[in-house]
Each structure stands twice: as C-alpha cells, then as structure tokens.
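Below is one structure, written out as structure tokens; the observations come after it.
The values are calculated or read from the model by the stated rules, or taken from the named source; none is laboratory data. Since we're looking at a predicted model, the values are computed, not measured. So basically every Cβ, Gly included, is an ideal-geometry build from the backbone, and we count neighbours across all protein chains shown.
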Amino acid sequence: MRRALPIAVLAAAALAVGAVAAPAMDGMGGEPGAAKVSVLYAAFQAPQIAVVAGDTVQWSNDSSRAHDVVAADGSFDSGRLVVGGMFDHRFDRPGVVPYYCSLHPFMTGEIDVENVLLDTPAARGATGRPFVLTGRVAAGATGSVAIEGDDGTGFAPAGTAVPAIDGTFRATVVPRTTTTYRAVTEDGTSPPVQVLVLDHAVTVTRSTRGARTTLSVHVTPAAPGQPVVLQLLLRERFGWWPTLRARLDASSSARFTVARRGVVPARVVLTLPDGATELARSRTVHVGAPRRRASG
C-alpha cells in the first residue's frame, strides 16, 4: 500500500451499485463516507483517492462520450456508462485497487482503502501554535487514535483522539517546524500528511551596476541544499513569475543576477524540494535599470 504523501485524504461515498451518493468534491471527500470521481473525456479526475474501509465511491460520466469503470482484479465492472451515467462501488477491505476504462485503456485510476485516514491540512501551521488535525476511521471502530509526528528526527507521540460514532476525529498537535503526521490505531496506520510551518526568514541584499542587479540571499535557520526561486512581477505574465532557481549553499546562501531594462518588483521564495511549495518569502525589492526615454 502506498505511503507517499496523499493527493487527497478524505473519503468515499454512498451505498451500493445504483445508489446515489452524497455531494462532495471530486476525490476530496465532503461529509464522512462521501467521495466522487468525475470521468472526463480522456481521464479520471482525481485518479488516486484514499477512502476508509466500508466507504462507497461514486463515478459519474461527465464527458461527451461513453466510458466504463473496471477493476483490474475483476472485483467490479460498471458496464457501459452513457453521458450522465453513474456507478457506485463499496470498498470493504484495506488495500490498493487499480481500475481503468476498458473502452479507453489509457485511462487509469486507483482507490487506496485504509482503516484510518488523516485529512490533508488545508492551512499552514505556526511555530509552537496549536494545530487541529482531522481524520476518520471506519464507522463502528473501537479504541483511540494515536497521532505521531516526525519533524526529521523520526516519528514520536504527538497527540491522541477518540473517534465519534461516525468515525470522525480531531486531534490537536503543536508543530515547531514543518512536520509529517500519521494516525495509528489497533487496525493500522494512516498514510502520512504534512503540516507546513513557515519558520524560516529569507533576507535579500541588493546591489546594482548598470542594468545588472545582483541579489544576495540568506536563509535562517540554515537550510543548505534547499531550493530558492527568484520571482518577478511581470505585467505580461499577469502576476509573479518564477524566473531563476538556485539551491542554498553550505552557508545557507545563494545569489541571483538579473540583467534587464525596465524596473520590476522581485522577491525570493524558499520552497520544498518540489520547487513549488512555498515555505517563506523575502521582502519585495526592485531589479533592472530604468528604460531610457527616446530622444526626440
């Protein structure tokens, strides 16, 4: 079973084949036990979702051509779904269930069935401030839920929760830095989720020579090897645009050089290794040289 940070960690839908599921965002859950997958023209939207054992997932054909939904292990087959058609299937046992459209075999998806799930945090945390994690176990499950956190030194106890009758639970943790959490019950362990904590500061020093601007970047606490991205506020791009990338050296520093005519706002963003998830950003400075006015 996959243990990567989940694409979505809320769970699945209604009753059995032919039932109508409760409304929910595609692959992101809604009410406990409610998840839907939209079948598009050439792909399953939210192709990988995680659900709790006992949940039912609903697929709806929202494209302009017929599709079907077939389990790779043969455990379910929706039959031909015309435009607007729906199909429900209940997942009772933990495990990974790949599926595909037999009419268009390049369309694939996966249901990860778990005994316990943590919801993907929608907000960022703050150093030393309480943060509420939510999740779900199968309805009727007994026993408490242990929350464990790993801030880079290994998983350790971070909190506990008692599930409600419908299986939902809430637990308060206090992260001091970006931390990965998991929920543990007597029946299993959830996939991990991450709480991002903006605990770094990005300092930028600017020097200019002609049309060339050099930005010296320093990050505290030290984060050697971490990516930093120079963003420019460009009118033609309708907003902030990633222009240059670098990695912090052993002293947690980096340098960007920009040569351009025309002054624009700039900032430097510290990110996760994916180069996209923001952890901290610098103040806004300006780079470039003023454009020369045409003599007339």
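If only one of A161, A171 is out of contact with any Phe, Trp or Tyr (no Cβ under 7 Å at 6 or more places or on another chain), free of Cβ contacts under 8 Å to residues at least 40 places away in the same chain, of a type in the set (G, A, S) and over 30 Å from P227 (Cβ atoms), which one is it?
Sole residue among the options that is out of contact with any Phe, Trp or Tyr (no Cβ under 7 Å at 6 or more places or on another chain), free of Cβ contacts under 8 Å to residues at least 40 places away in the same chain, of a type in the set (G, A, S) and over 30 Å from P227 (Cβ atoms): A171.
Give A211, A222 a once-over and let me know the one that is among the aliphatic types (A, V, I, L, M) and either touching a helix residue (DSSP H, G or I) at 6+ places or on another chain (Cβ under 9 Å) or touching a residue at least 40 places away in the same chain (Cβ under 8 Å) (or both).
Every option except A211 fails the conditions.
Using the structure shown, decide if A276 is within 23 Å of A123 (Cβ to Cβ) and free of Cβ contacts under 8 Å to residues at least 24 places away in the same chain.
The answer is yes for A276.
Could you identify the single residue in A201, A280 that is farther than 30 Å from V162 by Cβ, at pLDDT below 90 and aliphatic (A, V, I, L, M)?
Result: A280 is the single residue among A201, A280 that is farther than 30 Å from V162 by Cβ, at pLDDT below 90 and aliphatic (A, V, I, L, M).
Is it the case that the stretch 251-266 has a residue that's crowded, with 17+ Cβ neighbours inside 10 Å and part of a loop (DSSP other than H, G, I, E, B)?
Yes.
Restricting to the stretch 189-232, what's the tally of residues that are out of contact with any Ser or Thr (no Cβ under 8 Å at 6 or more places or on another chain) and either aromatic (F, W, Y) or within 25 Å of V264 (Cα to Cα) (or both)?
Total meeting the criteria: 3.
Can you list the strands (runs of 3 or more DSSP E) found entirely within the stretch 91-160 that contain at least 1 residues being farther than 30 Å from S63 by Cβ and touching a strand residue (DSSP E or B) at 6+ places or on another chain (Cβ under 9 Å)?
116-118, 131-137, 145-150
Within the set of pairs 6 or more residues apart or between chains, which connect a residue that is aliphatic (A, V, I, L, M) inside the stretch 93-110 to a residue that is modelled with pLDDT under 95 and buried (at least 17 other Cβ atoms within 10 Å of the Cβ) with Cβ atoms less than 7 Å apart?
none
Take G152 and decide whether it is on the phi > 0 side of the Ramachandran plot and within 22 Å of the chain's Cα centre (by Cα).
Yes; evaluated as a whole, the condition is true for this residue.
Matching residues to (1) modelled with pLDDT under 85; (2) under 19 Å from R209 (Cα atoms):
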site	(1), (2)
R235	no, no
A246	no, no
R255	no, yes
V263	no, yes
P273	yes, no
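For the stretch 201-219, indicate whether the set of residues that are under 30 Å from I147 (Cα atoms) and within 19 Å of the chain's Cα centre (by Cα) is non-empty.
Looking for residues that are under 30 Å from I147 (Cα atoms) and within 19 Å of the chain's Cα centre (by Cα), one finds none in the stretch 201-219, hence no.
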